[in-house]
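Here the structure is laid out as structure tokens; the discussion comes afterwards.
The values are calculated or read from the model by the stated rules, or taken from the named source; none is laboratory data. Only a predicted model underlies this, so the values are computations on that prediction, with no experimental measurement involved. We place every Cβ from the backbone using ideal geometry, glycine too, and count neighbours over all the protein chains shown.
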Amino acid sequence: MNKLGRGQRDKVQQFISITGSSEKVAIQALKSSDWQLEGAFDIFYSQPKIKSFADTRHFEELYNRYKDPFSDLILADGITLLCNDIQVNPQDIVMLVVSWHMKAATMCEFSKQEFIGGLQSLGIDSLEKFRERLPFMHSELKDEQKFREIYNFAFGWSKEKGQKSLALDTAIGMWQLLFAERKWPLVEHWCQFLQARHNKAISRDTWSQLLEFARIVDPALSNYDPEGAWPYLIDEFVDYLAENGIMQKGKLCDWSL
């Protein structure tokens, strides 16, 4: 434990004293949970086949199957192969949830640490188990707190490296994907508004505030407060809805876009 900080060493000892595990198991369980004791206990007790962490061969084999031949990363071709193996469309939102579990920094890319760490945290050491876990991962989108985390994760994950803002086309695609799960009736109006009036990259503040707007303000905008602290873009969107007859007397018109 020489390379561990004092706080980490204390957590390892706590984990060992409670679970009776070996030091190696304690360290790997804690690493998989970002050094959160409660999360490490969940992994240890709920996934008995992961307890030993002794045989990492299955994780290595899976990683090597998808790794790019010219770099130590899983790239787009490898992810496409993975999707074929687990029988899921690469555009399915569950792949965003997978990336969230793996704490992936970049879209269409997994480092070895991200990929194997994610598999371990999910209790996946085979393609069969991967397929079995997909319904669970999709169901996580129904949990409001997890959806918020996945939504906020998506901004950093999908933007270009080195950029602070998210390209508009990418943002629109992600909003359509995410809000299809939440069934926000205004999402297509929002996307059309951006293309007609904004046509610029999306800031993190706008990204995060839109979720709050969709969650708090009803689709007919009857409880919308024009004096509220919404980003100017959201205020402009409300004006756009009124100007185009999409909203009338506090009601969302039901004609198609």
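Listing for the model above:
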read-out: Subset of region 188-226 [among the aromatic types (F, W, Y) and either more than 22 Å from the chain's Cα centre (by Cα) or under 15 Å from A167 (Cα atoms) (or both)]; value: F193, W207, Y224
read-out: Number of the condition not met by S139 [criteria: (1) surrounded by 13 or more Cβ atoms within 10 Å (Cβ to Cβ); (2) closer than 30 Å to K183 by Cβ; (3) of a type in the set (S, T, N, Q)]; value: (1)
read-out: Residue within region 101-108 that is out of contact with any Leu (no Cβ under 8 Å at 6 or more places or on another chain) and more than 27 Å from L30 (Cβ to Cβ) present; value: yes
read-out: Test for G7: is it loosely packed, with under 12 Cβ neighbours inside 10 Å and at pLDDT 85 or above; value: yes
read-out: Residue list for region 78-90, filter: free of Cβ contacts under 8 Å to residues at least 12 places away in the same chain and either farther than 20 Å from K142 by Cβ or not polar (S, T, N, Q) (or both); value: T80, N84, P90
read-out: All positions within region 28-70 that are outside any helix (DSSP H, G or I), within 18 Å of S99 (Cα to Cα) and either touching a Lys or Arg at 6+ places or on another chain (Cβ under 9 Å) or modelled with pLDDT under 85 (or both); value: D34, K67
read-out: Among (1) modelled with pLDDT of 95 or more; (2) in contact with a Leu (Cβ under 8 Å, 6 or more places away or on another chain) - the single one D125 does not satisfy; value: (1)
read-out: Identity of the residue in region 71-80, exposed (fewer than 14 other Cβ atoms within 10 Å of the Cβ) and assigned to a helix (DSSP H, G or I), that ends up farthest from the chain's Cα centre (by Cα); value: D77
read-out: Any pair with Cβ under 6 angstrom, 6 or more apart, that starts in region 191-205 at a residue that is under 14 Å from D239 (Cα atoms) and ends at one that is assigned to a helix (DSSP H, G or I); value: F193/F237; F193/Y240
read-out: Matching entry among N89, N152 (being modelled with pLDDT of 95 or more, among the polar types (S, T, N, Q) and outside the structural domain of L168 (by TED's automatic domain parsing)); value: N89
